[in-house]
Amino acid sequence: MTKYNELLKIIKENNSFLITSHVNPDADAIGSEIAVWLLLKRLGKMVKIVNFSTTPDFLEFLDAENVIEKYSSEAHDDYFLNCNVVISLDFNNPDRTVKMAPLFEKRDGHIVCIDHHLEPVKKAFTLLISRPRFAATAHIIYDFIIKTKVTAIDKEIALPIYAGITTDTGSFKYERTTPALHRIAAKLLETGIKPIEVNDYIFGQDSLSKFALLGRALNSLKVYGDNGRLAVMTLDQNDFAATSALESDTEGFINLCMAIKGVKLGAIFIDLREGFKVSLRSKKGYDIRKIAAHFDGGGHKHAAGIRIRTVQLDAMQNEIINYILENAKEEEEND
């Protein structure tokens, strides 16, 4: 039995489902959740979507029926532990759900993981559908629907899938962008999706506070190493307070580091109330995921992240920068 068939069997034989994704969800996370929610509702299932974080404003258009709930222990623990199936989307380590993570160990029933990141925590899930060569988790959802014919891909379900794919490929410019993926995008667009409208929702609705925060990020920009190969931005709590911006407003800032001539590696350090996080990027020939893994982070070869909760940024930033400079080596990379 293939894993898709196993998932289809689980869906058909069970009635109550909880869908969740990682902290600070992006368009691939939200899009995948909504697509799976629509699929299950069409089959007459009882479904909740519960996330630790609120949905970013620019992604609310994907949740037209306002079905995504923000996690609280009182409202959701019992359902998480006792529903028939939990479906985890766009993450492969329960720690990415923050305070929801202990529920994964307490639960006895099905826990399905559908994800495209490397190095999953296999023991956390009863069914793991891991596809690192896929461009996005939404890409996997599309593939599952097409191959199982579990539902039709009409405009309603194509929209969240398209949003997940287009953002996780950097608008079809990252390494997982292939001719086959463009053909999938074409089929999704043929349902009636208008790319200009999706693009405007995701990239054209920024607040003034985000631009104020971006100004501070650019002002913090420094380059390190031989020929300035590492570009680093830093944001602390004072920056967020002064601009009234949110953590989610930093989406995309790291890409500006990578736009600098000669830069091969990029990092943005973000100070949080509990510890800090680092978003990492690299160009071809540099496996930034290895750097993240050293600090218990993860991700993809050219896009990864670190989350430290027990230490503040000031105490570790120089250590991480030095580690990147000393250990990020250019390697031959096959296309």
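The values are calculated or read from the model by the stated rules, or taken from the named source; none is laboratory data. Keep in mind that this is a model prediction, so the values were computed, not measured. Neighbour counts are summed over all protein chains in view; Cβ atoms, including those assigned to glycine, are modelled from backbone coordinates with ideal geometry.
For segment 224-240, indicate whether the set of residues that are within 22 Å of His294 (Cα to Cα), within 24 Å of the chain's Cα centre (by Cα) and charged (D, E, K, R) is non-empty. Looking through segment 224-240, none of the residues is within 22 Å of His294 (Cα to Cα), within 24 Å of the chain's Cα centre (by Cα) and charged (D, E, K, R). Per the listing Asn238, Asn227, the residue uniquely surrounded by fewer than 17 Cβ atoms within 10 Å (Cβ to Cβ), part of a helix (DSSP H, G or I), at pLDDT below 95 and not charged (D, E, K, R) is Asn227.
In segment 1-86, counting only helices (runs of 4 or more DSSP H) that sit wholly within it, the ones holding 3 or more residues that are of a type in the set (D, E, K, R) and under 14 Å from Ile141 (Cβ atoms) span 27-42. Only one residue in Leu218, Leu208, Leu214 is on the phi < 0 side of the Ramachandran plot and surrounded by 15 or more Cβ atoms within 10 Å (Cβ to Cβ), so which one is that? Going through Leu218, Leu208, Leu214 in turn, the sole match is Leu214. Counting the residues of segment 293-335 that are hydrophobic (A, V, I, L, M, F, W, C) and part of a loop (DSSP other than H, G, I, E, B) gives 3.
Please work out which residue is nearest to Ile34 (Cα to Cα), limiting yourself to segment 152-183 and to residues that are of a type in the set (Ser, Thr, Tyr) and part of a helix (DSSP H, G or I).
Initial filter on segment 152-183 (of a type in the set (Ser, Thr, Tyr)): 162, 166-167, 169, 171, 174, 177-178.
Imposing the further condition that a residue be part of a helix (DSSP H, G or I) reduces the set to 162, 166-167.
On the way: Tyr162: 12, Thr166: 16, Thr167: 15 Å.
Residue satisfying both the conditions and the ranking: Tyr162.
Evaluated against (1) surrounded by fewer than 15 Cβ atoms within 10 Å (Cβ to Cβ); (2) not in a helix (DSSP H, G or I), Ile270 falls short on exactly one condition, (1). Looking across Lys261, Lys290, one residue alone is part of a loop (DSSP other than H, G, I, E, B) and either in contact with a Ser or Thr (Cβ under 7 Å, 6 or more places away or on another chain) or surrounded by fewer than 17 Cβ atoms within 10 Å (Cβ to Cβ) (or both). It is Lys261. All conditions but one from (1) within 23 Å of Asp168 (Cβ to Cβ); (2) charged (D, E, K, R); (3) at pLDDT 90 or above; (4) touching a helix residue (DSSP H, G or I) at 6+ places or on another chain (Cβ under 8 Å) apply to Lys301; the one that does not is (3).
Each residue in segment 39-72 was checked for being without any contact (Cβ under 8 Å) to a residue 24 or more places away in the chain and of a type in the set (A, V, I, L, M), and 1 pass. Selection of segment 95-125 for residues being surrounded by 15 or more Cβ atoms within 10 Å (Cβ to Cβ) and assigned to a loop (DSSP other than H, G, I, E, B) yields Arg107, His116, His117, Leu118, Pro120, Val121, Phe125. Close Cβ contacts (under 6 Å, 6 or more residues apart or on different chains) running from residues in segment 314-335 that are over 15 Å from Ala293 (Cα atoms) to residues that are modelled with pLDDT under 95 and among the polar types (S, T, N, Q) are absent. Would you pick out the residues in segment 242-272 that are among the small types (Gly, Ala, Ser) and within 18 Å of Asp314 (Cα to Cα)? Matches in segment 242-272: Ala267 only.
Which residues, taken from segment 1-45, are among the aromatic types (Phe, Trp, Tyr) and surrounded by fewer than 21 Cβ atoms within 10 Å (Cβ to Cβ)? If you could, list the steps in order and put the result at the bottom.
Filtering segment 1-45 for residues among the aromatic types (Phe, Trp, Tyr) gives 4, 17, 37.
Of everything in segment 1-45, just one residue is among the aromatic types (Phe, Trp, Tyr) and surrounded by fewer than 21 Cβ atoms within 10 Å (Cβ to Cβ), namely Tyr4.
Among the residues of segment 131-143, is any assigned by TED's automatic domain parsing to the domain that holds Thr177, assigned to a helix (DSSP H, G or I) and surrounded by fewer than 22 Cβ atoms within 10 Å (Cβ to Cβ)? Yes, the conditions are met somewhere in segment 131-143. Scanning segment 173-205 for residues that are closer than 29 Å to Leu118 by Cβ, surrounded by 12 or more Cβ atoms within 10 Å (Cβ to Cβ) and either outside the structural domain of Pro132 (by TED's automatic domain parsing) or hydrophobic (A, V, I, L, M, F, W, C) (or both) yields Leu181, Ile184, Ala185, Leu188, Val198, Ile202, Phe203.
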